[in-house]
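Asker: One structure, as structure tokens, below. Some questions next.
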Amino acid sequence: MGECYFRVSKHLGVPISTVLRKKFTPDYKLLINKYFQIIVAEQEQQEEYEKELEKTK
């Protein structure tokens, strides 16, 4: 979850503490959800890549 807050902070150009304080406001909540979904997709893609890499060995 920390990575998600970090990405929202970077996207908006505000400190992470601001993101944490406002995480329940609609704008922040949507961005947090968006970046969370992106992180999950990246992790799944990495796992798939590692499985394919092991198959080729």
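The values are calculated or read from the model by the stated rules, or taken from the named source; none is laboratory data. Keep in mind that this is a model prediction, so the values were computed, not measured. Positions of Cβ are backbone-derived with ideal geometry, glycine not excepted, and every protein chain shown enters the neighbour counts. We work out accessible area using only protein heavy atoms, side chains counted, and drop any ligands, DNA or RNA first. Shrake-Rupley method; radii C 1.70, N 1.55, O 1.52, S 1.80 Å.
Asker: With the checklist (1) open to solvent by 90 Å² or more (accessible area, probe 1.4 Å); (2) not in a helix (DSSP H, G or I) in hand, flag the one item LYS51 doesn't pass.
Answerer: Against the list (1) open to solvent by 90 Å² or more (accessible area, probe 1.4 Å); (2) not in a helix (DSSP H, G or I), LYS51 comes up short only on (2).
Asker: What pairs can you find where one residue is in the stretch 29-48 and open to solvent by less than 80 Å² (accessible area, probe 1.4 Å), the other is assigned to a helix (DSSP H, G or I) and among the charged types (D, E, K, R), and their Cβ atoms are less than 6 Å apart, with a gap of 6+ or different chains?
Answerer: Qualifying pairs under 6 Å: TYR35/ARG7; ILE39/GLU3.
Asker: Show the residue pairs meeting these rules: Cβ distance below 6 Å; 6+ apart or different chains; first residue within the stretch 2-13 and within 13 Å of ILE39 (Cβ to Cβ); second residue of a type in the set (Phe, Trp, Tyr) and open to solvent by 70 Å² or more (accessible area, probe 1.4 Å).
Answerer: So the pair list comes out as CYS4/PHE36.
Asker: Can I ask one more? Looking at TYR5, TYR49, which one is aromatic (Phe, Trp, Tyr) and out of contact with any Leu (no Cβ under 9 Å at 6 or more places or on another chain)? I'd like the intermediate steps shown before the answer.
Answerer: Working: TYR5 fails: out of contact with any Leu (no Cβ under 9 Å at 6 or more places or on another chain).
Result of the check over TYR5, TYR49: TYR49.
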